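The next block holds one structure in the form of structure tokens; read it before the comments.
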Amino acid sequence: MKLLQDKVLNEGIVLSDQVLKVDSFLNHQMDPVLMKEVGKEFARLFAGEGITKVLTIESSGIAPAIMAALELEVPMIFARKQKSLTLREDIYVEKVYSFTKQQSNDVTVSKKFLFPNDKVLIIDDFLAHGEAALGLARIVEQAGASVAGIGIVIEKSFQSGAQRIKEAGYRVESLVRIASLDGGQVSFVTEDVH
Ligand code: G4P
Ligand code: NA
Ligand code: NA
């Protein structure tokens, strides 16, 4: 998505070879006009999949997810992150490890909101090692529902997430794919360069 690539080039700050800061439009201040276009693009990419719900994880996934859900005219659910939980009957729980933060969270969704006939589009802001996306996919599977696909705003293609998601058999669509952040420079995956 050219618009998003331009935003990354103009406003993204390369913090290290591994981390891109985008707090001016996605992770702190949010750009609603850009998010609306992001939502439209996800809706276009996954049109015809019969999606009944959009699922993300708090907090930065919520903006792109609600915009996609608005376009698709389906509900959006955001999974909650909790430190550690005692066993509960009314929620689906998956443990998600963050390589970036080097800690695990219990990720939860109420059983009230996912059903076996649901076709779920999973959305997240970043794809790094895929832990969050795969955790959300396991929650969908726990509910007996199906994963229609995984939509990512910014994929770091030099980390393992996209590969792991494909190996798990899911369709992944990333609006921006970053091949490298080496030397303080953002390089996109070659086939995406306009
Ligand atoms: P993974 O799920 O793909 O394995 O990623 P990881 O655990 O490494 O990511 C942990 C958190 O860091 C996630 O946010 C993720 O969105 C974010 N993240 C990962 N790589 C980058 C990056 O290069 N730049 C930025 N800006 N964020 C990155 P989170 O902790 O869930 O926080 P939030 O959703 O509340 O913002
Ligand atoms: Na984030
Ligand atoms: Na996120």
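The values are calculated or read from the model by the stated rules, or taken from the named source; none is laboratory data. Note that the coordinates shown come from a computational prediction; the quantities given were computed from them, not determined experimentally. Here the Cβ positions follow ideal geometry from the backbone for every residue, glycine too, while neighbour counts run over all protein chains shown. Only protein heavy atoms, including side chains, enter the accessible area calculation; ligands, DNA and RNA are left aside. Shrake-Rupley method; radii C 1.70, N 1.55, O 1.52, S 1.80 Å.
Quick notes
- Taking a ≥ b ≥ c as the square roots of the eigenvalues of the alpha carbon gyration tensor, the range 41-194 is oblate, as a/c is not under 1.5 and a/b does not beat b/c.
- Rolling a 1.4 angstrom probe over the protein heavy atoms with all chains in place gives the range 123-194 an accessible area of 39 Å² per residue.
- For residue 61, the amide hydrogen comes within under 5 Å of the amide hydrogens of 125, counting only partners 5 or more places away or on other chains and with H modelled in the peptide plane.
- Gyration tensor (alpha-carbon) shape descriptor, the range 6-78, a/c threshold 1.5: prolate
- Carbon + sulfur, % of accessible area of the chain - ligands and nucleic acids excluded, 1.4 Å: 50 percent
- Order by protection proxy (mean Cβ within 10 Å, highest first), peptides 83-90, 40-47: 40-47, 83-90
- Dipole orientation for the chain: of the candidates 18, 120, 70, 120 has the Cα lying most toward the positive pole (charges on Cβ; Lys, Arg +1; Asp, Glu -1).
- 3J(HN,Hα) couplings calculated from phi for the range 98-110 with the Karplus curve 6.51 cos²θ - 1.76 cosθ + 1.60 (θ = phi - 60°) are, in sequence order, 9, 5, 5, 9, 6, 8, 9, 10, 7, 9, 10, 9, 5 Hz; Gly and Pro show x.
- Under a 5 Å amide H cut-off, with hydrogens placed 1.01 Å from N, residue 79 pairs with 56, 57, 58 among residues at least 5 apart or on other chains.
- Amide H contacts under 5 Å for residue 20, placed H, 5+ residues apart: 15
- Over the chain, Cα pairs under 8 Å with separation of 6+ residues give a relative contact order of 19 percent.
- Total charge dipole magnitude, the chain, about the Cα centre, Cβ charges on Lys, Arg, Asp, Glu only, Debye to nearest 20: 440 debye
- Projecting the Cα atoms of 140, 87, 109 onto the charge dipole of the range 49-164, computed from C-beta unit charges around the Cα centre, puts 87 farthest toward the positive end.
- Phi-based couplings in Hz for the range 121-138 (Karplus 6.51, -1.76, 1.60; Gly and Pro marked x): 9, 8, 10, 8, 6, 10, 10, 10, 9, x, 4, 5, 4, 5, x, 5, 4, 5
- Per residue, the range 56-107 exposes an accessible area of 61 Å² to a 1.4 Å probe, with every protein chain left in place.
- Fluctuation leader among 179, 68, 132 - the chain, Gaussian network, Cα springs under 10 angstrom: 179
- Gyration tensor verdict on the range 1-131 (Cα atoms; rounded if a/c is under 1.5, prolate if a/b is larger than b/c, oblate otherwise): oblate
- Computed from point charges on the beta carbon alone (+1 for Lys and Arg, -1 for Asp and Glu), the dipole magnitude for the range 47-96 about its Cα centre is near 340 Debye.
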